[in-house]
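Notes follow the structure.
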Amino acid sequence: MTAHPADEPTLLVQDQAGVRTLTLNRPAALNSFTVAMHLALRGALEAAAADRAVRCVVLTGAGRGFCAGQDLAEVMDGSAPGVGDLVAQYYKPLALQISRMPVPVIAAVNGVAAGAGANLALGCDLVVAAESASFIQAFSKIGLVPDCGGTWLLPRLVGRAQALGLALTGDKLGAAQAKALGLIWQCVPDAELSATVHALAARLAAMPVKAMVATRLAMDAAQHLGLEAALAEEGRLQAGLAAAADCQEGIAAFLAKRAPNFTDR
Ligand code: T3D
């Protein structure tokens, strides 16, 4: 295994006009998760959530991979907790943290996304992948179940048959196929990934992010609600949003035929 230079941060953070880009930075090991990288990402997501200037988060990877899931060398040399503890202490909190972010989160999948790395990407609000990227539910090959939300996400994204096919075989799914299956939002030529994601992130950052986050929460909650309960939840959310500044601003801007300036978070 190639060592990660001790003075290299495991996560890079960059801000541009309301968009915070978090780059997993262990390229020699395809950005697989060590405890140090987990802690860096957790802290960075907390900081982004607390910073009202951040209106969209982009998650990507350095080098040729997005993220190869758990660093298996760290598991074997004992520097990571045991398997069950890793999920409880790191992957479960990470999946919940992403699902509760107060701003939209985009995964810019620049290369292979395997194991928990695949499910980390799929848990984001929008997944944009480069054509050469791929998704691998690698867990079955090492005797594990999909984690980091995989068992919850996969059947919802692509249905039980495809979800089980992906999870049981652990086969590599190319980005174009992932798009065709409905697993991800967009697949773009490699050279266009960065520009596409940054344009999308800038667009979302200028929109009413509070309503977008409520939309994510309502859609996730509706997965286990009946129609009547889902309609009631829509009404409850709509009442809150209608009274908030963004909705007032959106309607006023529409009527005045001017560009809106959304500020809620
Ligand atoms: O305890 C627990 O594990 C619980 C938590 C589970 C969460 C999980 O994520 S479990 C799933 C863990 N991930 C995997 O099983 C994927 C393992 N990696 C691969 O299968 C392959 O690397 C890929 C298919 C992702 C990419 O293949 P390829 O041929 O493009 O690259 P490579 O040569 O295999 O990897 C490049 C380097 O990255 C290589 O290091 P080296 O030989 O150049 O020094 C390889 O060892 C390293 N690497 C890749 N994945 C991992 C890794 N090192 C540590 N852990 C990894 N997961």
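The values are calculated or read from the model by the stated rules, or taken from the named source; none is laboratory data. Just so we're clear, the structure is a prediction, and the values are computed from it rather than from any experiment. Ideal geometry is used to build each Cβ from the backbone, glycine not excepted, and the neighbour counts take in all protein chains shown. These area figures cover heavy atoms from the full protein model, side chains too; ligands, DNA and RNA do not enter into them. Shrake-Rupley method; radii C 1.70, N 1.55, O 1.52, S 1.80 Å.
Going by the conditions given, is A163 open to solvent by less than 20 Å² (accessible area, probe 1.4 Å), within 29 Å of V209 (Cβ to Cβ) and more than 12 Å from the ligand (Cβ to nearest atom)?
Numbers: open to solvent by less than 20 Å² (accessible area, probe 1.4 Å): yes; within 29 Å of V209 (Cβ to Cβ): no; more than 12 Å from the ligand (Cβ to nearest atom): yes.
Judged against the criteria, A163 is not a match.
In this structure, Q89 does satisfy being more than 24 Å from L200 (Cβ to Cβ), in a helix (DSSP H, G or I), more than 10 Å from the ligand (Cβ to nearest atom) and of a type outside the set (G, A, S). Scan segment 23-31 and tell me whether some residue there is open to solvent by 30 Å² or more (accessible area, probe 1.4 Å), more than 16 Å from the ligand (Cβ to nearest atom) and more than 14 Å from the chain's Cα centre (by Cα). No, there is no match, as no residue in segment 23-31 is open to solvent by 30 Å² or more (accessible area, probe 1.4 Å), more than 16 Å from the ligand (Cβ to nearest atom) and more than 14 Å from the chain's Cα centre (by Cα).
Please determine, by comparing only the residues of segment 166-193 that are assigned to a strand (DSSP E or B) and open to solvent by 20 Å² or more (accessible area, probe 1.4 Å), which one is farthest from the ligand (Cβ to nearest atom). Here the answer is Q186. Taking the conditions (1) within 16 Å of the ligand (Cβ to nearest atom); (2) in contact with a Cys (Cβ under 8 Å, 6 or more places away or on another chain) in turn, G18 satisfies each one other than (1).
All conditions but one from (1) under 24 Å from W152 (Cα atoms); (2) within 11 Å of the ligand (Cβ to nearest atom); (3) within 19 Å of the chain's Cα centre (by Cα) apply to G82; the one that does not is (3). The set of residues in segment 194-218 that are open to solvent by less than 40 Å² (accessible area, probe 1.4 Å) and in contact with a strand residue (DSSP E or B) (Cβ under 8 Å, 6 or more places away or on another chain) comprises T196, V197, L200, A201, L204, A205, V209. Checking each residue in segment 92-148 for being surrounded by fewer than 19 Cβ atoms within 10 Å (Cβ to Cβ), of a type in the set (A, V, I, L, M, F, W, C) and within 13 Å of the ligand (Cβ to nearest atom) picks out I142, L144, V145. In segment 20-32, the residues that are assigned by TED's automatic domain parsing to the domain that holds L86 and on the phi > 0 side of the Ramachandran plot reach residues that are buried (at least 21 other Cβ atoms within 10 Å of the Cβ) and among the aliphatic types (A, V, I, L, M) with C-beta atoms within less than 8 angstrom, at least six apart or across chains, in these pairs: L30/A68; L30/V112; L30/A114; N31/L24; N31/M37; N31/A68.
Only one entry in R42, R52, R64 is within 8 Å of the ligand (Cβ to nearest atom) and surrounded by fewer than 16 Cβ atoms within 10 Å (Cβ to Cβ), namely R64. Tell me whether segment 43-53 contains one or more residues that are closer than 27 Å to A191 by Cβ, out of contact with any strand residue (DSSP E or B) (no Cβ under 7 Å at 6 or more places or on another chain) and assigned to a loop (DSSP other than H, G, I, E, B). No, there is no match, as no residue in segment 43-53 is closer than 27 Å to A191 by Cβ, out of contact with any strand residue (DSSP E or B) (no Cβ under 7 Å at 6 or more places or on another chain) and assigned to a loop (DSSP other than H, G, I, E, B).
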